[in-house]
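Read through the structure below, which is laid out as structure tokens, and then see the notes.
The values are calculated or read from the model by the stated rules, or taken from the named source; none is laboratory data. None of these values were measured; they are calculated from a predicted model. Every residue, glycine as well, gets a Cβ built from its backbone with ideal geometry; the counts of neighbours run over all protein chains shown. Just the protein is used for accessible areas: all its heavy atoms, side chains included, with ligands, DNA and RNA removed. Shrake-Rupley method; radii C 1.70, N 1.55, O 1.52, S 1.80 Å.
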Amino acid sequence: TVLACRRCARAVYCSVAHQREDYKRHKPTCLVEAAIGRVAARLKGTGIISPTDATNRCVVCLEGGAGLLHGGCACRGSAGWWHLACALEAARASVARTRDGRVDGYVTCATCGTPFDGRLGLELLAEAWRRTSSARTTRAAAAPEEEEIESSYHALAHAWITRRLCAPLITGREAETSLALARRQRQAVARLVVVAGSPSSRDDAGARRLMAALEDAETVAMIDLGRWREAGAVLEARVVERDGSDVVVDGWLELYRVRALLEEASQHEHRQPSVAANVGPSAERAAADHVRGSSSSSALEAARQAHAAALRFCGDTDERRGRAVTAVAVELTRLGRASEAVDPLREAARTTLRVLGADHAQTLMARLTLADTLRLAAAAAEGRCSALRAEARAIFEDTLRRATTVLGEHHRITQVARSFAAMGIFSGDGAALRGPEGHKVDGRETSSVATGTE
């Protein structure tokens, strides 16, 4: 009788005694497999699925019908459609053709070169994770001195796939599993570098970059779990450690995000009725103003540090420069200084346009944020009110047209732009320029796009 693990349904045993004996070794893998299964179940029926009567064909077997999934890559039209079994077989074949057993075929599309996404991307990453884990375990169990280099390579390959797997786990509401997985894998890579030593300086540098990426995955999981203060403390130490390289830009951007979340949470806490009953309305407002001022300044300082680091380490074609400038503008707008945020947002829109192109989603979001900030600046301006209003309307109309054409009616950016058009906040009358109710925070108007998460 063959017994299967009840949680992950992948490990099989000949007896209950054997299963209990193997549980300590199997438990970490079992938890990850169960999380992958839950995320795959949530993704089932979502994403781009070809209807049964469509003319789409699998790029491998050239068969149509039900069961076709789009890879979520940049392939458009009839390209990019796969059966799950065909995609797995093609990935195995691509790995077999490489001399060093690289698993890139599980991650990126061979046609367009962009990563897979959605349910197909998750299944391919899970298979690559199992494959590299098996290879790493086999090498570690029987690795003599002459196989040290190959064993180290398999360990780094497994860590790289683990880092890629963390993102869909977090998106699929499995952040706790992702945090444990990234932390365990980072510790394994640290042991490889510090204890065993890497076989070459090149591998040592790659391992350290991989450790930094796994640390970032841990922080993202902490943020998703709402452990913002813990994530903030980790990030504050990390930006000091990484100062002197371009990775400090990502650290400052994440630290800005955490501080902004803490600021919003502090404002929410000070608006609770229980607080008002205990300290009174005037004291509550004073406390909220104090918390808001210190937290917002802290978030603004992190955004400015990210911008300074991006100017120092990132070239003109690096999209992180646009993200850092946008962060500065968002915080200025939150503090009621929309007129000061216009120039940084113009720079961010120019940077994303130059790096990503006019039709990219991030470029369209930057232009929509710029239009909304120009609207708020026009409401506060005196002499240039009409000029700012006209510029905001022109940018908004162009962005709405491009978003509808390129991204489609169901994309989030298109829906946000459509809701703005329906509310008429870019119309010429002064009342409409104030925007819908909820665009004011504690008596100060705030950009409705900028305060959203993007």
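Got a number for residues in segment 94-122 being of a type outside the set (Phe, Trp, Tyr) and open to solvent by less than 40 Å² (accessible area, probe 1.4 Å)?
11
When you go through Arg346, Arg257, Arg312, Arg304 one by one, which is the residue that is at pLDDT 85 or above, in a helix (DSSP H, G or I), farther than 26 Å from Gly232 by Cβ and not acidic (Asp, Glu)?
Selected residue: Arg346, the only one of Arg346, Arg257, Arg312, Arg304 that is at pLDDT 85 or above, in a helix (DSSP H, G or I), farther than 26 Å from Gly232 by Cβ and not acidic (Asp, Glu).
Given the criteria touching a helix residue (DSSP H, G or I) at 6+ places or on another chain (Cβ under 6 Å), within 22 Å of Thr132 (Cα to Cα), at pLDDT 80 or above and among the polar types (S, T, N, Q), does Ser178 qualify?
Yes: the conditions hold for Ser178.
So which of Arg375, Arg367 ends up being closer than 18 Å to Glu391 by Cβ and touching a Phe, Trp or Tyr at 6+ places or on another chain (Cβ under 7 Å)?
On inspection, the qualifying residue turns out to be Arg375.
Quick one: in segment 40-63, which of the residues that are modelled with pLDDT of 80 or more and basic (Lys, Arg) is most open to solvent (accessible area, probe 1.4 Å)?
Arg57
Sort out which residues of segment 64-79 are more than 23 Å from the chain's Cα centre (by Cα) and either closer than 19 Å to Tyr106 by Cβ or modelled with pLDDT of 80 or more (or both), and write them in order of number.
Once the filter is applied, which keeps residues that are more than 23 Å from the chain's Cα centre (by Cα) and either closer than 19 Å to Tyr106 by Cβ or modelled with pLDDT of 80 or more (or both), segment 64-79 yields Leu68, Ala79.
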